[in-house]
Amino acid sequence: MGDAELATAELDRAAEAYRRAQFEVGLPEVWRLQAAAARVRGEVAESLRLLRQAAELAAKQGSAESLADVERDLGAALEAVGDHPAARVARQRALTLYQRLGARKAAREIASLIAEGS
């Protein structure tokens with residue numbers, strides 16, 4: 001079993017534990033990490049689906065930090081598939097959230113990526 005497969009198995013167990021405990025707060029982070037594993041495996045569509053699902057739940061929960069991280073990763077995934085306009089929009093949403101949270105380093109990193117894509 002490779003690293004991506006092991007990570008996927010562990011994350012599947014984590015997601016199931018959150019569901020059984022009816023504790024959905026951790027699901028956006030689990031889905032974000034599952035999306036990263038899916039990208040490593042070359043499953044781009046699954047990665048994008050998981051990131052969008054994570055963004056929807058994080059927004060519903062009002063979890064700005066989780067949502068910022070998801071939007072950051074969504075921007076990277078969209079950039080990787082060549083959807084530059086959508087990547088820019090996702091990164092802009094992440095930047096806004098990071099700025100609101102006072103996460104200056106993360107905001108600078110995202111701002112740099114946005115500037116590079118201009």
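The values are calculated or read from the model by the stated rules, or taken from the named source; none is laboratory data. Since this is a predicted model, take the numbers as computed values, not measurements. Backbone-built Cβ (ideal geometry, glycine too); neighbour counts: all protein chains shown.
Side notes on the structure shown:
- Scanning the stretch 68-85 for residues that are closer than 18 Å to residue 56 by Cβ and either over 14 Å from the mean Cα position of the chain (by Cα) or not small (Gly, Ala, Ser) (or both) yields 69, 70, 71, 72, 73, 74, 78.
- Any chance residue 39 is basic (Lys, Arg), within 20 Å of residue 82 (Cβ to Cβ), touching a helix residue (DSSP H, G or I) at 6+ places or on another chain (Cβ under 8 Å) and modelled with pLDDT of 90 or more: yes
- In the stretch 1-50, residue surrounded by the fewest Cβ atoms within 10 Å (Cβ to Cβ) [restricted to those that are among the polar types (S, T, N, Q) and part of a helix (DSSP H, G or I)]: 8
- Conditions (1) under 12 Å from residue 32 (Cα atoms); (2) touching a residue at least 24 places away in the same chain (Cβ under 8 Å): number failed by residue 53: (2)
- Subset of the stretch 74-117 that is of a type outside the set (A, V, I, L, M, F, W, C) and outside any helix (DSSP H, G or I) - its residue that is surrounded by the most Cβ atoms within 10 Å (Cβ to Cβ): 83
- Taking the criterion of being in a helix (DSSP H, G or I) and either surrounded by fewer than 20 Cβ atoms within 10 Å (Cβ to Cβ) or at pLDDT below 95 (or both), the residues of the stretch 51-65 that qualify are 52, 53, 56, 57, 59, 60, 61, 64, 65.
For (1) over 12 Å from the mean Cα position of the chain (by Cα); (2) under 19 Å from residue 64 (Cβ atoms); (3) modelled with pLDDT under 90, each residue gets a yes or a no:
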| site | (1), (2), (3) |
| --- | --- |
| 2 | yes, no, yes |
| 6 | yes, no, yes |
| 11 | yes, no, yes |
| 16 | yes, no, yes |
| 22 | yes, no, yes |
| 26 | yes, yes, yes |
| 29 | no, yes, no |
| 43 | yes, no, no |
| 48 | no, no, no |
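- Taking first residues from the stretch 22-44 that are within 17 Å of residue 10 (Cα to Cα) and partners that are outside any helix (DSSP H, G or I) and not aromatic (Phe, Trp, Tyr), the Cβ contacts under 7 Å between residues at least 6 apart in sequence or on separate chains come to 28/63.
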